[in-house]
Amino acid sequence: MQQTALTVHQTARPHGFPTAADFAFVESPLRVPEAGSALVENLYWSVDPYHREMMDDLPGGFALHAPLEGRALGRVVASRTPRLTEGEVVFHRKGWRTLAVVTPEEIRRLPRFDGVPLTAYLSVLGGTGLTAYVGLTRIARLQEGEDLFVSAAAGGVGTATGRFARLLGAGRLVGSTGTKAKADRLTREVGYDAVFDHHEGPAVELLAKAAPSGIDVFVDHVGGEQLAAAVGALRDFGRIVRIGTISQYNTPTRSVPRFDHADIVEKSLRMEGFLVRNYLDVQDELYEFAVPHLQSGRLALDETVVDGFEHIVDAFLGMLRGRNSGKTIVRNPAPS
């Protein structure tokens with residue numbers, strides 16, 4: 001096993017899109033676990049859009065010159081507690097580092113299902129899938145046959161939302177993304193009926209063409225013009241599920257498009273946001289729903305896997321630029 005640990009620190013607050021210069025890889029001697037804890041060698045790291053928001057100077061955001069948190073899967077390689085066994089694979093949030101010292105209270109044990117790869121616990125069975133599942137079942141309360149519009153449909157939550165919505169009996173499924181190639185893949189492989197490249201024109205016109213008879217539910221990861229367009233396209237008693245606002249993460253001074261607020265009242269619309277950490281009690285329900293479909297092949301994994309911890313910053317920056325398809329995961333290609 002390696003004798004030093006490598007961590008990623010944020011070294012500056014970005015203005016607009018972050019760059020590699022806003023991060024540093026810091027090496028430190030291997031830390032021996034104290035009594036009651038264990039040493040975990042990380043196998044997979046999650047790269048998530050919310051990290052960009054955490055980089056700003058806001059309450060609860062990332063501290064400068066300190067290891068970045070994040071979701072990770074790792075193998076226990078040394079334990080000083082009977083509650084953690086050497087060799088077992090655990091989930092934890094001390095993410096952007098090669099080695100982490102954890103206590104039993106800081107990890108979650110993973111149920112192992114035949115035919116389900118470990119990466120699924122960071123994608124459709126992890127926080128990404130849980131966000132999509134909660135958005136559809138708890139916030140939107142999706143009914144069979146209802147029509148959906150999903151912004152940023154090619155991302156991790158967007159692809160999971162599309163696949164879950166199909167399994168839940170959704171009607172017409174419309175998405176937006178950033179390239180024609182991604183749009184083609186979403187309709188060809190993920191189950192979307194129509195997907196538009198949001199660069200091709202005003203969102204209100206593109207959505208009207210893709211969903212000419214309107215929508216019942218909008219799952220929003222973007223905000224901005226697409227949110228305004230969706231308000232106009234929603235039918236009576238429509239629902240808006242607010243998950244993210246990536247259109248503003250790197251352009252905080254961009255003006256927010258206006259929409260007819262009377263629509264909210266006249267059409268009896270409901271808009272609700274949520275944080276997935278408040279729905280961790282739904283995790284077992286997600287397993288019950290998704291695992292049989294994974295095992296049968298009805299549910300596929302949409303993942304962009306990057307090899308090597310040294311590439312985690314590049315993977316993050318690429319994800320912000322839309323260079324991924326599905327969930328971005330970094331893999332340790334040669335664990336000890």
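Observations
- For the stretch 138-208, a/c is not less than 1.5, where a ≥ b ≥ c are the root eigenvalues of the C-alpha gyration tensor, and a/b tops b/c. That puts it in the prolate class.
- Given charges at beta-carbon only (K, R positive; D, E negative), |dipole| of the stretch 25-136 in Debye: 280 debye
- Choice from L30, L58, L173 with maximal GNM fluctuation in the chain (Cα, 10 Å cutoff): L58
- Scattering from the stretch 85-204 was approximated by placing one identical point on each alpha carbon and applying the Debye formula without solvent; log10 I(q)/I(0) at 0.12, 0.14 1/Å stands at -0.56, -0.71.
- DSSP loop chymotrypsin sites (Phe, Trp or Tyr not before Pro) with at most 16 other Cβ within 10 Å excluded, longest remaining stretch of the chain: 114-258
- Building the convex hull from the alpha-carbon atoms of the chain and averaging its projection over directions returns 17.0 nm².
- Size of electric dipole in the stretch 127-277: Cβ of Lys, Arg +1 and of Asp, Glu -1, about Cα centre, debye, nearest 20: 440 debye
- With the charge dipole of the chain set up from +1 on Lys and Arg Cβ and -1 on Asp and Glu Cβ about the Cα centre, the Cα lying farthest toward the positive end among the listed residues Q226, A334, L206 is that of A334.
- 222 nm mean residue ellipticity, helices alone, for the chain (DSSP H n ≥ 4; -39,500 (n - 2.57); rounded to 500): -6500 deg cm²/dmol
- Cα gyration tensor, the stretch 252-336 - rounded (a/c under 1.5), prolate or oblate: oblate
- The Cα atoms of the stretch 127-277 give a gyration tensor whose axes a ≥ b ≥ c have a/c under 1.5, which makes the shape rounded.
- Over the stretch 127-277, relative contact order from alpha-carbon pairs under 8 Å, at least 6 apart, %: 21 percent
Computed from the coordinates by the stated procedures, all read-outs in this text should not be read as laboratory data. Because the structure is a prediction, the values reported are computed rather than measured. Neighbour counts are summed over all protein chains in view; Cβ atoms, including those assigned to glycine, are modelled from backbone coordinates with ideal geometry.
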